[in-house]
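The values are calculated or read from the model by the stated rules, or taken from the named source; none is laboratory data. Note that the coordinates shown come from a computational prediction; the quantities given were computed from them, not determined experimentally. Positions of Cβ are backbone-derived with ideal geometry, glycine not excepted, and every protein chain shown enters the neighbour counts. Please note that ligands, DNA and RNA were not included when accessible areas were found on the heavy atoms of the full protein model with its side chains. Shrake-Rupley method; radii C 1.70, N 1.55, O 1.52, S 1.80 Å.
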Amino acid sequence: MTSAIDPLFVERCIEALLFAAAEPLSDLDLAKRLPAGADIAAGVAALRARYEGRGIELVKVADRWRFQTAVDLSFLMTEEREEPRRLSKAAQETLAIVAYHQPVTRAEIEAVRGVQASRGTLDVLLELGLIRMRGRRRTPGRPVTFGTTDAFLEHYGLASLADLPGVAEMKAAGLLEMNLPPGFTVPDPLGLRAGEDEDPLDLDDGDAPEFAQDFLGEPEKA
């Protein structure tokens with residue numbers, strides 16, 4: 001008969017992993033590193049409660065966990081942060097189309113925008129990691145389809161695509177005019193099921209999480 005794993009030990013292990021991780025970790029990532037039988041859900045819940053209201057909080061973004069500065073303290077880092085790269089209007093429009101219409105091809109992006117999509121616009125979004133090539137449409141020519149990435153969710157602080165703003169939120173933010181055409185709706189990316197009209201690309205995911213290892217000593221110089 002095996003003894004139960006100490007809940008406090010599990011909580012400390014999760015805390016250490018998330019602190020050292022170079023990127024957010026999923027429940028599966030944590031389970032791979034913890035002893036078999038460790039209650040990941042209980043450990044995360046206890047850790048969230050422990051950090052609630054603190055300067056550092058445990059949050060879930062894109063179905064992964066990470067520590068981040070409390071939102072109300074963000075002003076402290078304002079002067080120390082570099083100015084983020086601003087997206088052009090064309091890039092913003094393209095990103096919005098990909099987010100709401102994914103999986104979407106370049107031709108479909110052009111059809112929605114009403115203008116030809118610049119190769120450079122898609123390249124910028126791919127370079128920033130906000131979108132990815134996700135498959136090929138099962139149509140003549142086998143065009144590549146695009147979709148958003150976890151980095152997109154992390155950048156905009158979304159737990160999942162279900163948290164994308166709808167018509168009401170976009171009106172409140174002034175992003176949509178009040179006088180909309182009858183029957184206007186915002187596309188639901190969750191309603192577009194991958195696989196029905198596209199084949200996934202055979203790419204190496206390389207999703208193994210990386211961890212900071214500065215405590216191991218100075219790296220050898222070449």
Would you mind finding the one in ALA111, ALA90, ALA107, ALA159 that is of a type in the set (Gly, Ala, Ser), part of a helix (DSSP H, G or I) and open to solvent by less than 60 Å² (accessible area, probe 1.4 Å)? ALA90
Mind checking which pairs have a first residue in the stretch 50-61 that is surrounded by fewer than 11 Cβ atoms within 10 Å (Cβ to Cβ) and a second that is not in a loop (DSSP other than H, G, I, E, B), Cβ under 6 Å, 6 or more apart or different chains? GLY55/LEU73
In the stretch 142-154, how many residues are open to solvent by 40 Å² or more (accessible area, probe 1.4 Å) and more than 20 Å from GLU23 (Cα to Cα)? 2
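Kindly establish whether LEU47 is touching a Cys at 6+ places or on another chain (Cβ under 7 Å), farther than 22 Å from LEU122 by Cα, surrounded by 11 or more Cβ atoms within 10 Å (Cβ to Cβ) and of a type outside the set (D, E, K, R). Steps first, answer last, please.
Details: touching a Cys at 6+ places or on another chain (Cβ under 7 Å): no; farther than 22 Å from LEU122 by Cα: yes; surrounded by 11 or more Cβ atoms within 10 Å (Cβ to Cβ): yes; of a type outside the set (D, E, K, R): yes.
Here the answer is no, as LEU47 does not meet what is asked.
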All positions within the stretch 1-45 that are over 24 Å from the mean Cα position of the chain (by Cα) and under 12 Å from LEU58 (Cβ atoms): GLU11
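Can we say THR139 is buried (at least 16 other Cβ atoms within 10 Å of the Cβ) and either at pLDDT 90 or above or out of contact with any strand residue (DSSP E or B) (no Cβ under 6 Å at 6 or more places or on another chain) (or both)? Let's see the steps before the verdict.
Details: buried (at least 16 other Cβ atoms within 10 Å of the Cβ): no; either at pLDDT 90 or above or out of contact with any strand residue (DSSP E or B) (no Cβ under 6 Å at 6 or more places or on another chain) (or both): yes.
It is false that THR139 is buried (at least 16 other Cβ atoms within 10 Å of the Cβ) and either at pLDDT 90 or above or out of contact with any strand residue (DSSP E or B) (no Cβ under 6 Å at 6 or more places or on another chain) (or both).
Among the residues of the stretch 106-119, is any outside the structural domain of GLU23 (by the TED database), aliphatic (A, V, I, L, M) and within 15 Å of the chain's Cα centre (by Cα)?
At the first step, the residues of the stretch 106-119 found to be outside the structural domain of GLU23 (by the TED database) are 106-119.
Checking the rest, the ones that are also aliphatic (A, V, I, L, M) come to 107, 109, 111-112, 115, 117.
In the following step, the residues that additionally are within 15 Å of the chain's Cα centre (by Cα) were identified as none.
No: the stretch 106-119 contains no residue that is outside the structural domain of GLU23 (by the TED database), aliphatic (A, V, I, L, M) and within 15 Å of the chain's Cα centre (by Cα).
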MET133: outside any loop (DSSP other than H, G, I, E, B), under 30 Å from LEU30 (Cβ atoms) and free of Cβ contacts under 8 Å to residues at least 24 places away in the same chain, yes or no? no
